[in-house]
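J.: One structure coming up, written as structure tokens, with questions to follow.
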Amino acid sequence: MKYLKNAASLNFIQEKCTNCLLCIDVCPHAVFSLQNKKVRVVDKDLCMECGACALNCKYGALTVNSGVGCALGVINGMITGGAPSCDCSDSSSVDCC
Ligand code: SF4
Ligand code: SF4
């Protein structure tokens with residue numbers, strides 16, 4: 001599923017990347033892939049800003065503003081006319097996304 005075009009805050013610094021592949025393993029939306037033995041961002045618009053890649057990257061090659069710009073929540077709010085909510089949390093959870 002794609003979100004808003006060019007809205008994701010994901011930033012990938014190729015020079016810091018050691019191609020350890022951890023981001024490929026943890027990303028739930030297949031934002032990364034291995035091409036010619038190098039990790040690449042294949043489609044930034046697939047990013048849901050969950051923060052898992054940046055949290056797991058030990059080399060500082062990834063940053064993302066997780067939980068502050070849930071594009072799905074914005075879209076849902078536009079469709080329903082209500083407050084932005086992606087419904088990914090329940091009453092026992094404080095954080096969205
Ligand atoms: S986790 Fe970081 S260092 Fe490892 S492949 Fe991904 S961006 Fe590169
Ligand atoms: S923030 Fe989440 S969805 Fe976006 S690239 Fe990182 S792991 Fe994938």
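Every read-out reported here was derived from the displayed coordinates using simple, explicitly stated rules and does not represent laboratory data. Predicted model, so just to flag it, every value in this text is computed and none were measured.
J.: With θ set to phi - 60° and the Karplus curve 6.51 cos²θ - 1.76 cosθ + 1.60, what are the ³J(HN,Hα) couplings of the range 37-51 in order, to the nearest whole Hz, using x for Gly and Pro?
T.: My calculation for the range 37-51 gives 6, 10, 6, 10, 7, 7, 7, 5, 5, 7, 5, 9, 6, 6, x Hz in order.
J.: Please give the contour-minus-distance gain from ASN11 to ASN65: 0.36 nm per residue of separation, less the Cα-Cα distance, rounded to one decimal in nm.
T.: Additional length available on full extension: 18.5 nm.
J.: Here's something else I'd like to know. Pairs LYS2/LYS37; LYS2/LYS58; LYS5/LYS58; LYS16/LYS37; LYS5/LYS37: which exceed 18 Å Cα-Cα?
T.: Among LYS2/LYS37; LYS2/LYS58; LYS5/LYS58; LYS16/LYS37; LYS5/LYS37, the Cα-Cα distance tops 18 Å for LYS2/LYS37; LYS2/LYS58; LYS5/LYS58; LYS5/LYS37.
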